[in-house]
Protein chains: 2
Amino acid sequence: MDVFTAVADPTRRSIVEMLAHGELEAGAIAERFDISRPAVSRHLRLLRESSLVCARKDGRRRLYRLEGHALTEVADWAERQRVFWSDRLDALERHLEEEEERA
Amino acid sequence: MDVFTAVADPTRRSIVEMLAHGELEAGAIAERFDISRPAVSRHLRLLRESSLVCARKDGRRRLYRLEGHALTEVADWAERQRVFWSDRLDALERHLEEEEERA
DNA sequence: CATATATGTAACCTACGTGTTACATTTGAG
DNA sequence: CTCAAATGTAACACGTAGGTTACATATATG
């Protein structure tokens, strides 16, 4: 699964947000959702397969943490398109659009 | 449809990339894909509904162009998570350095 | 006005993603 | 050794996304 698809799911985005603040074990992640633990486990696998997170074993627990690279891919793509777009517009057009948005 | 889901589809990402370089009419977009025109038309509608693009009529053609905000939403989210993550990583490195100093 | 062109909509089909429950696997503890 | 805890996997159900073809809706043009 590619990174964009991985991040399209709201549950997986939430997991990414959790892990952005630090390492968490699978159980701790699962208990923050209303869905079943296997469902969360699947999301974690998809996040691993898309390289958004990685996991390490600690006894019988698995500790998940965020992997920066994949996130950068998303941010960079979106930012690059946005830059092309804004370069393409001249200052006047941009100004007029902002006027319309305020109206 | 939310922006993340909109951007998860490779066809729609290609359309966004095309439009980042300038306005295009529906037909010009459609002919660059192997799928049927109605299929592309649907993608365009989804992109409109998620505010990634907007369209204006010009005679019997419809000219599509990129809309900046929605893209920014994606870029900002990804970048924000990445920053939290790297801040967290810096903290860990600092912690480990302190450990070393004590050793 | 009649017709062709450009585009979107509707109805339908299929594949796939996401949920569930039941089971397997690993590992710490008594 | 045995058992419970933590986690992942398998099999299945089901909704929805995305493809197709057929049709509808403007709008330019002869």
Practice task
Would you confirm whether any residue within the range A:31-38 is charged (D, E, K, R), in a strand (DSSP E or B), within 14 Å of DNA strand D (Cβ to nearest atom) and out of contact with any Pro (no Cβ under 7 Å at 6 or more places or on another chain)?
Solution key: no
Practice task
Could you tell me which numbered condition B:R65 fails, if it satisfies all but one of (1) touching a residue at least 12 places away in the same chain (Cβ under 8 Å); (2) within 18 Å of B:T5 (Cβ to Cβ)?
Solution key: (2)
Practice task
May I ask you to list the residues in the range A:48-79 that are in a helix (DSSP H, G or I) and either within 12 Å of chain B (Cβ to nearest Cβ) or hydroxyl-bearing (S, T, Y) (or both)?
Solution key: A:G68, A:H69, A:A70, A:L71, A:T72, A:E73, A:V74, A:A75, A:D76, A:W77, A:A78, A:E79
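Could you tell me whether the range A:76-85 includes any residue that is in contact with a Phe, Trp or Tyr (Cβ under 7 Å, 6 or more places away or on another chain) and among the β-branched types (V, I, T)?
No, that holds for no residue.
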Handout entry: Any pair with Cβ under 8 angstrom, 6 or more apart, that starts in the range B:1-25 at a residue that is at the interface with chain A (Cβ under 7 Å from one of its Cβ atoms) and ends at one that is surrounded by fewer than 20 Cβ atoms within 10 Å (Cβ to Cβ) and among the polar types (S, T, N, Q)
Key = B:T5/B:S50; B:A8/A:T5
Fill in the blank from the handout: Per the filter on the range B:1-38, residues closer than 11 Å to B:L52 by Cβ and touching a strand residue (DSSP E or B) at 6+ places or on another chain (Cβ under 6 Å) are B:L19, B:A20
Fill in the blank from the handout: Here the residues within the range A:30-70 that are closer than 15 Å to A:D9 by Cβ and under 15 Å from the mean Cα position of the chain (by Cα) are A:H43, A:L44, A:R45, A:L46, A:L47, A:R48, A:E49, A:S50, A:L52, A:V53, A:A70
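Residue-wise test of (1) more than 27 Å from A:D76 (Cβ to Cβ); (2) in contact with a helix residue (DSSP H, G or I) (Cβ under 7 Å, 6 or more places away or on another chain); (3) outside any helix (DSSP H, G or I); (4) modelled with pLDDT of 95 or more.
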site: B:M1; (1), (2), (3), (4): no, yes, yes, no
site: B:T5; (1), (2), (3), (4): no, yes, no, yes
site: B:T11; (1), (2), (3), (4): no, yes, no, yes
site: B:S14; (1), (2), (3), (4): no, no, no, yes
site: B:L19; (1), (2), (3), (4): no, no, no, yes
site: B:G22; (1), (2), (3), (4): no, yes, yes, no
site: B:I29; (1), (2), (3), (4): no, yes, no, yes
site: B:V40; (1), (2), (3), (4): no, yes, no, yes
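The values are calculated or read from the model by the stated rules, or taken from the named source; none is laboratory data. None of these values were measured; they are calculated from a predicted model. Cβ coordinates were reconstructed from backbone atoms using ideal geometry, including for glycine residues, and neighbour counts include every protein chain displayed.
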